[in-house]
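Asker: Right, I'll just put the structure down here and ask away after.
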Amino acid sequence: MVLLHVLFEHAAGYALFAVREVEEIGALLPQVEESAQTLGTFLNVVKLAAFAPFRSAQSALENMNAVSEGLLHEDLRLLLETSMPAKKKKALLGVADAKLGAAILEELGYQCQTGGVVAELLRGIRLHFHALVKGLTAQSASKAQLGLGHSYSRARVKFNVNRVDNMIIQSISLLDQLDKDINTFSMRVREWYGYHFPELIRIVPENSMYCRVAKFIGNRRELSEESLEGLEEIVMDGAKAQAILDASRSSMGMDISPLDLINIESFSSRVISLSEYRRGLQEYLRSKMSQVAPSLSALIGEVVGARLISHAGSLTNLAKYPASTVQILGAEKALFRALKTRGNTPKYGLIFHSTFIGRAAAKNKGRISRYLANKCTLASRIDCFSEVPTSVFGDKLREQVEERLAFYETGEPPRKNLDVMKEAVAEAGEVVAEVKRKQEKKEKKRKKREKRRLEALAAVAAQEEQEENSVPEPEEGAAEPRKKRKKKQQQEEEGIESEPEQNGLQEEEEAEAVPKKKRKATAEAEPEEEEKRKRKKKKKVARDEED
């Protein structure tokens, strides 16, 4: 008889359940499916055979990562080896993931089953798990699930901040939006300022330059020979600046009020600032592409490469696409329209913006686009899966596309792909070795700085401890309050007075032992004591006489 065991992975640990009685056909009946809802009925079906709790949150995360990747972790191996029956032929293990089952079968030799009755049993175990394991409450189980879920999500989304393609997607989207907005705003400035100076549109057709010139001129009647130098700096052409000056003198535009002119200048400055921001954003995109996809940007350009990544969703998705998909990426509407009408399919999509297709002859555009899409796919895969991305492969692939263009035009045969890739691999190896050497040097410097910082902190702590130990202890007399010292002095004086006078030597010794201030006080107190004694004697004599 084959014994069925079910493996359940929980956030608290691994649990192995022995199935008491199960029928493959009967387990799928609606009555049996409903019995899993009731704990009492479900306890007659399964029994906890073993439970291996995770030692820590880190251990739980490691085990869950292994399970999600279909790998057999050491903790799970130990549980199965100690708790499963010794006779492997008579044992059957039910698991939720087929990949994990294949790994268990390969390494331990236990036959694994997924789906069917196992799925129903796992559904019931998941529902009543906190009641099936002693000492586990529903609240603690939910807390363990929440903590492991957060740590697992954090671990899955960890990435290298220098190779984030999300920033490229947002940057290229913002760049396209800025282009549309700048064109719209520039047209508004042209129309608005054109009422006052209509001839300027013909002389300065470029949008951002037109806004700068309009802001510089302001009222055309105030334009003079003195402003000619400033105009030359903006338009970078002396003849064009002179033409603007001549046109302003004979313009047929209407006069404009100072308030309208202030609004036009304010709006023009906004458009100029947007243009400057666009230039900065393009530089940022160029630097980001050189970090994330250097080969793709070297082959096809930063902007076109960023558009391909954005359209695919990520660099990984782009690397997964075949060359035929990359070729028509961005021309989906034309493709489906052609399939629907049974017309000609498009030859290129986003890669049309590359300079290679523009330089090719009309009859060769389709061929060069297909070849370029093939090289773009290779470049994206190299960038995505290489540890240290470099632009070496991109430069070599670009040379190949250039040679292919020359072959179409002149018939000169290009180099073989194998020879080019061998050269690229050799150069890339040197570049990667140099990059790793630099990284190691940086790491050594960082460790040295950290070591110096720790030594300095230790030295400061030792010095403070030494200063605390070297502080002198306060004297007893200084520590005592003044009142206590006075009382002490009085008690000492009284003790000295009450002592009988033995001989002169003893008095001298005591006088030497007593400090100067005390000796003074005792010397002043002696005549007073003698007077008191005399008074007492006189009173005694008087009482005797009365008696």
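The values are calculated or read from the model by the stated rules, or taken from the named source; none is laboratory data. In this text the structure is predicted, and so the values were computed from the model without any measurement. Cβ: placed from backbone, ideal geometry, glycine included. Neighbour counts: every protein chain shown. Ligands, DNA and RNA are stripped out before the accessible areas are found, and what is left, the full protein with its side chains, is counted by its heavy atoms. Shrake-Rupley method; radii C 1.70, N 1.55, O 1.52, S 1.80 Å.
Asker: For segment 190-200, check the following and say yes or no: at least one residue is open to solvent by 90 Å² or more (accessible area, probe 1.4 Å) and closer than 30 Å to Ile309 by Cα.
Answerer: No, because not a single residue in segment 190-200 is open to solvent by 90 Å² or more (accessible area, probe 1.4 Å) and closer than 30 Å to Ile309 by Cα.
Asker: Take the residues in segment 65-101 that are assigned to a loop (DSSP other than H, G, I, E, B), charged (D, E, K, R) and under 38 Å from the mean Cα position of the chain (by Cα); name whichever of them is modelled with the lowest pLDDT.
Answerer: That would be Glu69.
Asker: Pick out the one residue from Ser314, Ser297 that is farther than 22 Å from Gln400 by Cα, polar (S, T, N, Q) and open to solvent by less than 50 Å² (accessible area, probe 1.4 Å).
Answerer: So the residue among Ser314, Ser297 that is farther than 22 Å from Gln400 by Cα, polar (S, T, N, Q) and open to solvent by less than 50 Å² (accessible area, probe 1.4 Å) is Ser314.
Asker: Right, something else. Only residues that are over 12 Å from Ala11 (Cα atoms) and either assigned to a helix (DSSP H, G or I) or open to solvent by less than 20 Å² (accessible area, probe 1.4 Å) (or both): list them for segment 45-64, please.
Answerer: Val46, Ala50
Asker: In segment 189-221, which residues are touching a residue at least 40 places away in the same chain (Cβ under 8 Å) and farther than 21 Å from Arg279 by Cβ?
Answerer: Across segment 189-221, the qualifying residues are Trp192, Tyr193, Gly194, Tyr195, His196, Phe197, Pro198, Glu199, Leu200, Ile203, Gly218, Asn219.
Asker: Continuing with this model, one more query. Of the residues in segment 419-446, how many are farther than 17 Å from Thr390 by Cβ and of a type in the set (S, T, N, Q)?
Answerer: Looking only at that region, the number is 0.
Asker: Taking helices (runs of 4 or more DSSP H) that fall entirely within segment 260-332, which contain at least 2 residues that are modelled with pLDDT of 95 or more?
Answerer: none
Asker: Sort out for me the helices (runs of 4 or more DSSP H) sitting completely within segment 158-254 that have 2 or more residues that are acidic (Asp, Glu).
Answerer: Fully inside segment 158-254 and qualifying: 165-194, 228-235.
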